[in-house]
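Notes to accompany the following structure.
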Amino acid sequence: MRRLLVSEMTWPEVERELEHIRVAVVPVGSCEQHGPNTTFTTDTDRAYEFCKLLGERVGEKILIFPPFGYGVSIHHMDFPTTVTLRIETMIHALTDIAESIGKHGIKKILYVNGHGGNRSALDAAIIKLKYEYGIEAYWSSMGTNISRARISQEMELPAIIGHACEVETSQCMYLAPWVVKDELQAGELQSDSAYMRRLFKDGNAAWSWKNDASANGALGDARRATKELGKIMTDISLDYMEELLEEIIRR
């Protein structure tokens, strides 16, 4: 399949393809610490590289935009050079992006999210886009949540994973190996309390990642990460996303 990336095209080239394009795809990430294991662009690079592979699968039906590389990361601000947006700033940015794209005739947009902290802003943005702008918007994750059941067949996983852990680091090894450091470390969890398990499973609160979750910023044990596991979880997520896109296009 021939993928369509805005970063590889001129405007006349895009104009010639507009009649084929059904969905705009925007990767969304963050600029935040990922412990000693992967770099600040982990979420952004992982989401963008995933979207490129998705483009190779579905071709000219989607137009892939450059990634939005900042997110809601206030809970990581105890670690130097993390950058966070206010929730309202994130919502405004996401809606501005979609409104701009919609003016060019693409009325459906899918945000592919690489950072869990963006979820509340994405939820709000797609509601605003639907009911205030008339733009059909969706968002989806592209990693651990989709593939955890299958990964659990490959290895025993701790209850709390999803950030600079064996799973996310594995996907980085496959999708964006340049963000992965040579010497990987296990997370230094602050507790395994009912409070923490609820934050990571079903609920939320204002909290500090460094003080409440992990002293070194990582979860799990990235030393167990493998490129092969990263490919498994990526392929599962690609299958899911390809099916999701077909459903969005049919609507």
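The values are calculated or read from the model by the stated rules, or taken from the named source; none is laboratory data. Treat the numbers as computed from the prediction; the structure is a model and nothing was measured. Using ideal geometry, Cβ is built from the backbone for each residue, glycine included, and neighbour counts are taken over all protein chains shown.
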Can you name the residue in the range 1-28 that is over 18 Å from the mean Cα position of the chain (by Cα) and aliphatic (A, V, I, L, M) and is also nearest to Asp78 (Cα to Cα) among such residues? Val6
Contact list please: Cβ distance under 9 Å, first residue in the range 12-27 and over 13 Å from Val58 (Cβ atoms), second residue of a type in the set (Ser, Thr, Tyr) and surrounded by 12 or more Cβ atoms within 10 Å (Cβ to Cβ), pairs at least six apart or on different chains. Val26/Tyr111; Pro27/Thr44; Pro27/Tyr48; Pro27/Tyr111
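Inspect the range 131-140 for any residue being in contact with a Lys or Arg (Cβ under 9 Å, 6 or more places away or on another chain) and surrounded by fewer than 16 Cβ atoms within 10 Å (Cβ to Cβ) and give the result as yes or no.
Yes.
Yes/no per residue for (1) farther than 20 Å from Asn113 by Cβ; (2) of a type in the set (Val, Ile, Thr); (3) modelled with pLDDT of 90 or more; (4) crowded, with 17+ Cβ neighbours inside 10 Å:
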site: Lys210; (1), (2), (3), (4): yes, no, yes, yes
site: Ala215; (1), (2), (3), (4): yes, no, yes, no
site: Arg224; (1), (2), (3), (4): yes, no, yes, yes
site: Gly230; (1), (2), (3), (4): no, no, yes, yes
site: Met233; (1), (2), (3), (4): no, no, yes, yes
site: Ile236; (1), (2), (3), (4): no, yes, yes, yes
site: Arg250; (1), (2), (3), (4): yes, no, yes, no
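Which of the residues belonging to the range 29-44 are crowded, with 24+ Cβ neighbours inside 10 Å and more than 17 Å from His75 (Cβ to Cβ)? Give the derivation first.
Of all residues in the range 29-44, those crowded, with 24+ Cβ neighbours inside 10 Å come to 29-30, 32-35, 37-38, 42-44.
Asn37, Thr38, Thr44, listed by residue number.
Hey, among Leu129, Leu184, which residue is in contact with a strand residue (DSSP E or B) (Cβ under 8 Å, 6 or more places away or on another chain), aliphatic (A, V, I, L, M) and more than 24 Å from Gly35 (Cα to Cα)? Spell out how you get there, then give the answer.
Details: Leu184 fails: more than 24 Å from Gly35 (Cα to Cα).
Only one candidate passes the filter, namely Leu129.
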